Every structure is written in C-alpha cells, then in structure tokens.
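For reference, the structure is listed below as structure tokens.
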Amino acid sequence: MGFTTAAASSKNRGVGRQAEKVARKAGEQLALLEELKAVATRLGFEVREEKLLREVGYRVRSGSCRVHDTNLILLDRGLPPNAQIDILVDELAGKPLDDLYLSPAARRLLERAGGSPADSERAAS
C-alpha cells in the first residue's frame, strides 16, 4: 500500500476549503477597507496609515482630527484590517452618502453604524 490512501486524503479535504475560505474573507476585508478609504477621500478627508507609537504619558489612537484646514483620518498601520474598517465606519457614519456609490456591504455597515439621513427621513414618515 502506498503513502496515501483514500481514507487519509478524505480527512484533509476540508483543510484546503477552509484555507480558501479564510483567504477569500481576508481579500473581501481588504477590498472593503480600500473602498472605505476612497469614500473618506471623496468626502474630503485625507486618510493616512501611520505607525502610531505608544509611549509613557500619552495614549495614541486611530481616528479623525483636523490639522489647519485639513481633515485627517489616521489609521494605525499595526491594526488588523477589520479594526481599521471599524475605525473608518465610526468616522464616516452619519456623513451624507446618498450621492456616493457604495457596495452593498459598505452601505450596510455605514447605515448600521450611524444611519443615513435618508433612513431617519423614512422612519419619520
């Protein structure tokens, strides 16, 4: 009998599928992250990914700030993509998005986070 048998290979069938599923999910997250960065840029934000250093005496976090006349969103480069997505969603929630094309996944995230003005108008009527 050889090194591989039908029984041995059937045990490993799910491993390849699982790895493919994880890779697909990671790819979807990266695509969503890039889309949200583009949306922020279209809304007038400058999005920068920086290595935010943490030192004794102060706490640095990702988020938005204003420097002179520029609205910035700083993302900690060390954060995983899903955490960066959460930060962008928090910063963009409630902004006027009706005139922008968004993928269904991005629109759903943003509407859940802060609701859009259109949602509040529908709820009022």
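Derivation of every value follows stated rules applied to the coordinates shown; laboratory data play no part. Quantities reported herein were computed from a predicted structural model and do not represent experimental measurements. In this analysis, Cβ positions are derived from the backbone assuming ideal geometry, glycine residues included, and neighbour counts consider all displayed protein chains.
Within segment 91-110, take every residue that is of a type in the set (A, V, I, L, M) and closer than 17 Å to Leu30 by Cα and give me the one that is surrounded by the fewest Cβ atoms within 10 Å (Cβ to Cβ). Break it down into steps so the answer makes sense when it comes.
From segment 91-110, those of a type in the set (A, V, I, L, M) are 92-93, 97, 100, 102, 105-106, 109-110; that's our starting set.
Subset that is closer than 17 Å to Leu30 by Cα: 102, 105-106, 109-110.
Working: Leu102: 18, Ala105: 13, Ala106: 23, Leu109: 19, Leu110: 23.
Checked segment 91-110; the qualifying residue surrounded by the fewest Cβ atoms within 10 Å (Cβ to Cβ) is Ala105.
Candidates are the residues of segment 60-114 that are among the aliphatic types (A, V, I, L, M) and part of a strand (DSSP E or B); the one that is nearest to the chain's Cα centre (by Cα) is Leu75.
Residues in segment 72-90 that are under 15 Å from Arg42 (Cβ atoms) and either loosely packed, with under 15 Cβ neighbours inside 10 Å or touching a Leu at 6+ places or on another chain (Cβ under 6 Å) (or both): Leu88 only.
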